[in-house]
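Undergrad: If you scroll down you'll find the structure; I have some questions about it.
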Amino acid sequence: MTVRVRFAPSPTGHLHVGGARTALFNWLFARKSEGVFVLRIEDTDRERSSDAMTEAILHALRWLGLDWDEGPFFQSQGLSRHQADAQRLLESALAYRDFSTPEEVARDREALIRAGRGYRPARDRADALGPEEETRRVEAGVPYAIRFRVRPGETVWEDLVHGITRFNNEDIDDLTILRSDGTPTYNLAVVSDDAEMGITHVIRGDDHLSNTPKQILLYQALGKSVPVFGHVPMILGPDGKRLSKRHGATSIAEYEDQGILPGAMVNFLALLGWNPGDEQEIFELPEIVERFTVERILKKSSVFDLEKLSWLTGRHLSRTPASRLEPLVTERFARSGKTSPEALTGRMDWYLGLIGLLKERARSLDDIVEQGMAYVLHEVVYEEAAVSKHWKDPQWASAALDRLGERLSGCPWLPEDLESELRGLAADLGVGAGRLIHPLRVALTGQAVSPGIFDVMVLLGRERTLGRIGRAVSAMRSKGKG
Ligand code: GLU
């Protein structure tokens, strides 16, 4: 049997972290079992769905590298099949017409709170109607919904994640499957579509657990084979509450925008709910495919840890060659409006060297761009925090950097030579090298962090390094006076 799984997002918003993880787990399961990954856009909520959101979801899936084999199909295109399925259930008395008025519905709602299990007032009313009155109403055009007649007993399935799961059918309300306006409800549409598409495994979030017995009952009533279900635990924020905007960005688009690498994002999503079984944390997508098993999906919720995402991005940046990062970084430099792509790629060796150095400490593409500005632009901008931390003693530092500038002017421009000059001066001044390096770093980059200072000097070249030292000396002198 070929495994067929699907991802079925509703295009009512961006692809969020939980949805992306569901997509990833389905995709991994399909790839691992050489099955088929189907994409179905559940656009039956016409008012809240939009083409722009469909596009955004497709874009996010592509960005993550989750390619689909079939689709995208649109749920709205199955409308006549959904209606036919509801009709079929009606004809076989597995569903009934519900003529309840809004007042009756409101009354039922209150009565349900007080009533015990298995109280089904709408069904009772429908059954009391009698065939003649029912026909009369249908012919008179009285609006009705179609409700599914939940059978007595128990609904049991073996969940891929949670094992044997049971629901007492008395706890399941007779669900509406077709509204009075002829539109299907989620549970009917999903079952009709999954059956039509031959879906063998339904992997989705725990938030759908209570829908599953309803869907199983519908499959049985429609005479379709029931797929295997697996429910992945929810993602929680660090405070233990369900992940929401309060915890930071939740849509994949926002992370793309922030310069998170897609490889880091899928690595992060995979670890949110899947345990590789050893200490390894950094994975490329093909490696995850190789190692993924449903048995290792965690039963308990996982906590969304932004710090971890940023750490993983750092690890992925570090292992990605500068040449592969270059187009992404260039685009972001260009977006800043402060430099042009040609100015960068025109001196490609130097530029790749810059990316190569910066990517080792960066935790996003934006980090590379922000730090890189100091090298790309002519002028260096002193960050206030860096200045107040490392130019605390401007009189001493300006004198020291002034002497450093003199010593470096005749020095061969190689890291080892630059280092021995700087260390020589530190020894002469009777201080540790750090006393010179920190103010020098601010002078050269404006920032408190940078790659190794000697690499920075090589990257800037002699002229710019000496120029920046000179400018810092003047800046400190005027600061000292002020
Ligand atoms: N459109 C539903 C959702 O986004 C699909 C649920 C399912 O996988 O059945 O929640």
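Undergrad: Quick one: which residue in I203, I199 is in a loop (DSSP other than H, G, I, E, B), buried (at least 21 other Cβ atoms within 10 Å of the Cβ), at pLDDT 95 or above and within 14 Å of the ligand (Cβ to nearest atom)?
TA: Testing whether each residue is in a loop (DSSP other than H, G, I, E, B), buried (at least 21 other Cβ atoms within 10 Å of the Cβ), at pLDDT 95 or above and within 14 Å of the ligand (Cβ to nearest atom) leaves just I199.
Undergrad: Hey, which of the helices (runs of 4 or more DSSP H) in segment 289-366, taking only ones fully inside, have at least 2 residues that are more than 27 Å from N26 (Cβ to Cβ) and touching a Phe, Trp or Tyr at 6+ places or on another chain (Cβ under 7 Å)?
TA: Details: elements: 306-319, 322-336, 341-345, 348-358.
Per the criteria, 341-345.
Undergrad: Of the residues L243, L217, L178, which single one is of a type outside the set (D, E, K, R), at pLDDT below 95 and buried (at least 20 other Cβ atoms within 10 Å of the Cβ)? If you could, list the steps in order and put the result at the bottom.
TA: Numbers: L217 fails: at pLDDT below 95; L178 fails: at pLDDT below 95.
Sole residue among the options that is of a type outside the set (D, E, K, R), at pLDDT below 95 and buried (at least 20 other Cβ atoms within 10 Å of the Cβ): L243.
Undergrad: So which of L354, L312 is more than 23 Å from the chain's Cα centre (by Cα) and hydrophobic (A, V, I, L, M, F, W, C)?
TA: On the way: L312 fails: more than 23 Å from the chain's Cα centre (by Cα).
Result of the check over L354, L312: L354.
Undergrad: Can you report the number of residues in segment 450-482 which are surrounded by 17 or more Cβ atoms within 10 Å (Cβ to Cβ) and part of a loop (DSSP other than H, G, I, E, B)?
TA: Result for segment 450-482: 2.
Undergrad: Oh, and also: Show the residue pairs meeting these rules: Cβ distance below 8 Å; 6+ apart or different chains; first residue within segment 369-394 and farther than 28 Å from L261 by Cβ and in a helix (DSSP H, G or I); second residue modelled with pLDDT of 95 or more and among the basic types (K, R).
TA: Hits for this filter: H390/R441.
Undergrad: Regarding D67, is this residue under 26 Å from P286 (Cβ atoms) and exposed (fewer than 13 other Cβ atoms within 10 Å of the Cβ)?
TA: Yes, satisfied.
Undergrad: While we're looking at this one, here's another question. Just to be sure I understand, how many residues within segment 101-124 are under 22 Å from P184 (Cα atoms), β-branched (V, I, T) and assigned to a helix (DSSP H, G or I)?
TA: 1
Undergrad: Looking only at segment 6-22, how many residues end up being closer than 13 Å to D67 by Cα, near the ligand (Cβ under 10 Å from one of its atoms) and in contact with a helix residue (DSSP H, G or I) (Cβ under 6 Å, 6 or more places away or on another chain)? Working first, answer last.
TA: Taking segment 6-22 first, the residues closer than 13 Å to D67 by Cα are 6-7, 20.
With the extra rule that they be near the ligand (Cβ under 10 Å from one of its atoms), the set shrinks to 6-7.
Right, trim to in contact with a helix residue (DSSP H, G or I) (Cβ under 6 Å, 6 or more places away or on another chain) and you get 7.
The number of residues fulfilling the criteria is 1.
Undergrad: Give me the helices (runs of 4 or more DSSP H) completely within segment 11-100, filtered to those with at least 3 residues that are under 17 Å from the mean Cα position of the chain (by Cα) and either modelled with pLDDT of 95 or more or acidic (D, E) (or both), ordered by residue number.
TA: The helices (runs of 4 or more DSSP H) meeting that bar are 17-32, 51-64.
Undergrad: Starting from segment 62-86, take each residue that is farther than 20 Å from P262 by Cβ and list its partners that are part of a loop (DSSP other than H, G, I, E, B) and charged (D, E, K, R), counting only C-beta distances under 6 angstrom and pairs at least six apart or across chains.
TA: F74/D43; Q75/E42; Q75/D43; S76/D43
Undergrad: So, in segment 206-221, how many residues would count as being within 9 Å of the ligand (Cβ to nearest atom), in contact with a helix residue (DSSP H, G or I) (Cβ under 8 Å, 6 or more places away or on another chain) and either assigned to a helix (DSSP H, G or I) or under 18 Å from R4 (Cβ atoms) (or both)?
TA: 1
Undergrad: While we're looking at this one, here's another question. Output the number of the condition that K224 fails; it satisfies all remaining conditions of (1) within 16 Å of the ligand (Cβ to nearest atom); (2) part of a helix (DSSP H, G or I).
TA: The one condition K224 does not meet is (2).
Undergrad: Does L89 satisfy the criteria of being out of contact with any Phe, Trp or Tyr (no Cβ under 6 Å at 6 or more places or on another chain), closer than 17 Å to R179 by Cα, aliphatic (A, V, I, L, M) and away from the ligand (no atom under 16 Å from the Cβ)?
TA: Numbers: out of contact with any Phe, Trp or Tyr (no Cβ under 6 Å at 6 or more places or on another chain): yes; closer than 17 Å to R179 by Cα: yes; aliphatic (A, V, I, L, M): yes; away from the ligand (no atom under 16 Å from the Cβ): yes.
It is true that L89 is out of contact with any Phe, Trp or Tyr (no Cβ under 6 Å at 6 or more places or on another chain), closer than 17 Å to R179 by Cα, aliphatic (A, V, I, L, M) and away from the ligand (no atom under 16 Å from the Cβ).
The values are calculated or read from the model by the stated rules, or taken from the named source; none is laboratory data. Quantities reported herein were computed from a predicted structural model and do not represent experimental measurements. Quick reminder, even Gly has a Cβ in these numbers, built from the backbone with ideal geometry, and neighbours come from all protein chains shown.
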